[in-house]
Amino acid sequence: MTVSEVAAYLRAHDKYLILTHRRPDGDTLGCAAALCAMLRQMGKTAGILYNRETTEHFESYVEQYWVADDFDYKTVVSVDLAALSLFPDNAEMFKTRVDLAIDHHPSYEGFGKESCVHPECAACGEILCELAQELGQLTPAVALPLYVAVSTDTGCFVYSNVTANTHRVAAALMETGIDYKAANKLHFRTKSKKRLALEGELLRTMEFYDEDRVVIVAVPQSLQKSMALSEADMEDLASLGGLVEGTDCAVTMKETKDGAWKVSVRTGARVNATRACSFLGGGGHRAASGCLIEHADYETARAMILNAIAEAVAEEA
Ligand SMILES: [Mn+2]
C-alpha cells in the first residue's frame with residue numbers, strides 16, 4: 001500500500017489496536033503513540049497493546065494509550081514490527097490477524113493482510129510523518145513521539161541510514177512547535193551515573209584483535225550482578241566499541257541469564273556483519289547484525305565470533 005492508500009484505509013476503518021515489537025525502542029513506541037494520537041484526533045477509537053518491556057525513557061510517550069488484551073478491537077495495525085518472532089508474548093494471538101503492517105525493515109516477513117513497507121526510510125517514523133501530513137493530523141501530540149522515533153532510530157541523525165528525507169521529516173516535525181530540545185537532551189545528552197560507570201568499566205576491559213580493527217566488548221553475568229545492572233542500563237551498548245579510532249568491527253557480547261551470549265556486530269565496509277553472524281545462525285543488515293551463542297563460556301564464544309568474522313572477511317577478499 002502507498003501512504004495515501006493507508007490514509008484512505010485508516011479513514012474507512014475503526015476500533016484500532018496497535019502493536020509494537022519485543023524489546024520496544026523509540027521507533028516502534030513513538031510510531032504507535034503518534035498513530036494512536038492521530039486516530040483519536042480523527043474521532044476513532046484506538047489503543048496500543050500494553051508492552052511490558054517498555055523502558056522508563058519511553059513510557060511517557062505511550063502510557064496514556066495503553067490498553068489490555070481484552071480491548072474491543074476490529075482493526076489490528078503493527079508498526080516497526082518486522083518478524084513473527086518479535087511479537088511480544090501478549091500479542092501471540094495476533095500473529096495471524098494483523099490487518100495492516102507499517103514498517104521500514106527490508107526483512108519484513110509479510111504477515112499483514114495489507115502492508116506499507118518502505119525500506120528506504122531510516123525510521124518507521126518517517127512513514128508515519130508522511131501519513132499524518134496526508135491525513136492533516138500533524139499536531140504536536142503526533143509530532144513529538146515521531147520526533148523521538150526518527151531521532152532515536154538514527155542515533156540523533158548520525159547513523160548511515162540517514163537521508164535528506166530524514167532531515168525533511170525532522171524539520172516538519174520541529175515546525176509544529178514541539179519541545180525537541182528537551183527530547184534531544186533527554187535521549188542523547190543524559191546518562192545515569194551507573195551507565196557512565198558501566199561504560200568506564202567496558203572501556204577499561206575491551207579487547208582488540210586483528211591489528212586493532214576488531215574490538216570486543218563483553219558484558220558477562222558477573223559484571224551485571226556486581227553492578228546491579230538492569231536491561232535499561234545496558235540498552236544500546238552495541239555502538240560503544242566502534243567509537244574507538246581505528247576499529248571497523250565492534251562486537252558486543254552480553255551474557256544472558258541462561259548462560260548464552262547475545263552478540264551484536266557493528267561494522268564498516270570491510271566486514272559483512274550479516275555474513276559473519278549467519279555462520280552462527282544469526283542475521284541482520286550488512287553493517288549491523290546479531291546472533292546468539294548458547295552453551296559456551298566466554299573464551300569459546302569469543303573464538304566462535306572471531307572465527308566467523310575472519311571467515312566472512314576471507315570470503316570477500
Ligand atoms: Mn525502526
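The values are calculated or read from the model by the stated rules, or taken from the named source; none is laboratory data. Not measured: the values here are computed from a predicted model. Note: ideal-geometry Cβ built from the backbone for every residue, glycine included; neighbour counts use all protein chains shown. Keep in mind that these areas ignore ligands, DNA and RNA; they rest on the heavy atoms of the full protein, side chains included. Shrake-Rupley method; radii C 1.70, N 1.55, O 1.52, S 1.80 Å.
Rundown of residues vs (1) among the basic types (Lys, Arg); (2) touching a helix residue (DSSP H, G or I) at 6+ places or on another chain (Cβ under 6 Å), yes/no style:
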position	(1), (2)
Ala33	no, yes
Tyr65	no, yes
Asp70	no, no
Lys95	yes, yes
Pro106	no, no
Ala122	no, yes
Leu131	no, yes
Review point. So which residues in the range 79-106 are within 12 Å of the ligand (Cβ to nearest atom) and on the phi < 0 side of the Ramachandran plot, if there are any at all?
Key: Val79, Leu81, Ala82, Leu86, Ile102, Asp103, His104, His105, Pro106
Review point. Would you call Thr75 within 16 Å of the ligand (Cβ to nearest atom), of a type in the set (Val, Ile, Thr) and either in contact with an Asp or Glu (Cβ under 6 Å, 6 or more places away or on another chain) or modelled with pLDDT under 95 (or both)?
Key: no
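Which of the following residues is away from the ligand (no atom under 12 Å from the Cβ), in contact with a strand residue (DSSP E or B) (Cβ under 6 Å, 6 or more places away or on another chain) and closer than 23 Å to Tyr147 by Cα: Ala33, Ala46, Ala37?
Ala46
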Point to revise | Test set (1) within 16 Å of the ligand (Cβ to nearest atom); (2) of a type outside the set (Lys, Arg); (3) open to solvent by 10 Å² or more (accessible area, probe 1.4 Å) - Glu114 fails condition number | key: (1)
Revision key, fill the gap. Selection from the range 218-266 of residues open to solvent by less than 20 Å² (accessible area, probe 1.4 Å) and part of a strand (DSSP E or B) yields Val219, Cys249, Ala250, Val251, Thr252, Met253, Trp261, Val263, Val265
Review point. So His104 clears everything in (1) under 16 Å from Asp25 (Cβ atoms); (2) surrounded by fewer than 16 Cβ atoms within 10 Å (Cβ to Cβ); (3) in contact with a His (Cβ under 8 Å, 6 or more places away or on another chain) except one condition, right? Which one?
Key: (2)
**Study point:** Selection count, the range 121-164, where residues are in a loop (DSSP other than H, G, I, E, B), polar (S, T, N, Q) and within 10 Å of the ligand (Cβ to nearest atom)
**Key:** 2
